[in-house]
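Colleague: One structure, pasted below without further comment.
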Amino acid sequence: MGKRRQERMAVEIKRVMAAIVHEHMKDPRIEGKAVSITRVDVAQDISHARIYFSILGTEEEQAAAMQALQKARGYIRSELASAIQVRHAPELEFRLDHSIEQGIKISTLLDSLAEGAKAEENVDE
């Protein structure tokens, strides 16, 4: 398989996965939570897909969301196969992605540094 097809498949899986998680899953561990599909890595032969997701919340909520996705893996895979119309849907592997949380933490730190610099300027004047 070509690299281009692999990339197109990753983009399509990411789009469909977002729709499945937000519109079709009725699990209370996920429903109403801020779940984001951040990245999808597809194997060269398109037999496996590693799906990275982020959920804002406590570690317990993140663990519960991971369990819900693991439990619904068969359902998600069948929905994915029908949506992207492939003969063999890739095996799904879910991974928790902490990049959004880290970005928020860094942004908060930068904001507090900027406020500290402004306060220092006001004191000097």
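What follows is calculated from the coordinates using simple rules that are stated; it is not laboratory data. Predicted model only: the values in this text are computed from it and were never measured. Cβ sites come from the backbone with ideal geometry, for glycine too, and all protein chains shown count toward neighbours.
Colleague: Out of Arg77, Arg50, Arg15, Arg39, I need the residue that is over 29 Å from Gly103 (Cβ atoms) and touching a strand residue (DSSP E or B) at 6+ places or on another chain (Cβ under 9 Å). Which one?
Modeller: Arg77
Colleague: Let me ask something additional. When the residues of region 8-57 are narrowed to those that are over 20 Å from Lys71 (Cα atoms) and free of Cβ contacts under 8 Å to residues at least 12 places away in the same chain, which ends up surrounded by the fewest Cβ atoms within 10 Å (Cβ to Cβ)?
Modeller: Residue satisfying both the conditions and the ranking: Arg8.
Colleague: Run down Ala81, Ala68 and say which single residue is in contact with a Lys or Arg (Cβ under 9 Å, 6 or more places away or on another chain), under 20 Å from Glu23 (Cβ atoms) and without any contact (Cβ under 8 Å) to a residue 12 or more places away in the chain.
Modeller: Ala81
Colleague: Tell me which residues, restricted to region 30-46, are outside any strand (DSSP E or B) and touching an Asp or Glu at 6+ places or on another chain (Cβ under 8 Å).
Modeller: Residues of region 30-46 that are outside any strand (DSSP E or B), as a first pass: 30-34, 43-46.
Lys33, the sole residue that qualifies.
Colleague: Still on this model: Going through region 47-102 one residue at a time, which ones are in a strand (DSSP E or B), of a type outside the set (Asp, Glu) and under 29 Å from Gly2 (Cβ atoms)?
Modeller: Matches in region 47-102: His48, Ala49, Arg50, Ile51, Tyr52, Phe53, Leu92, Phe94, Arg95.
Colleague: Report the residue count in region 73-92 for those that are touching a helix residue (DSSP H, G or I) at 6+ places or on another chain (Cβ under 9 Å) and closer than 21 Å to Lys33 by Cβ. Step through it out loud before you land on a result.
Modeller: Step one: of region 73-92, the residues touching a helix residue (DSSP H, G or I) at 6+ places or on another chain (Cβ under 9 Å) are 75-76, 79-80, 83-84, 86-92.
Now restrict to residues that are closer than 21 Å to Lys33 by Cβ: 75-76, 79-80, 92.
So the answer is 5.
Colleague: Is it the case that region 107-120 has a residue that's under 26 Å from Glu12 (Cα atoms) and among the acidic types (Asp, Glu)?
Modeller: No, because not a single residue in region 107-120 is under 26 Å from Glu12 (Cα atoms) and among the acidic types (Asp, Glu).
Colleague: Under 6 Å by Cβ, and 6 or more places apart or on different chains, what pairs join a residue from region 96-107 that is free of Cβ contacts under 8 Å to residues at least 24 places away in the same chain with one that is surrounded by 11 or more Cβ atoms within 10 Å (Cβ to Cβ)?
Modeller: Between residues of region 96-107 that are free of Cβ contacts under 8 Å to residues at least 24 places away in the same chain and residues that are surrounded by 11 or more Cβ atoms within 10 Å (Cβ to Cβ), there is no close pair.
Colleague: Can you pull out the residues in region 77-90 that are buried (at least 17 other Cβ atoms within 10 Å of the Cβ) and under 17 Å from Ala43 (Cβ atoms)?
Modeller: Leu80, Ala89, Pro90
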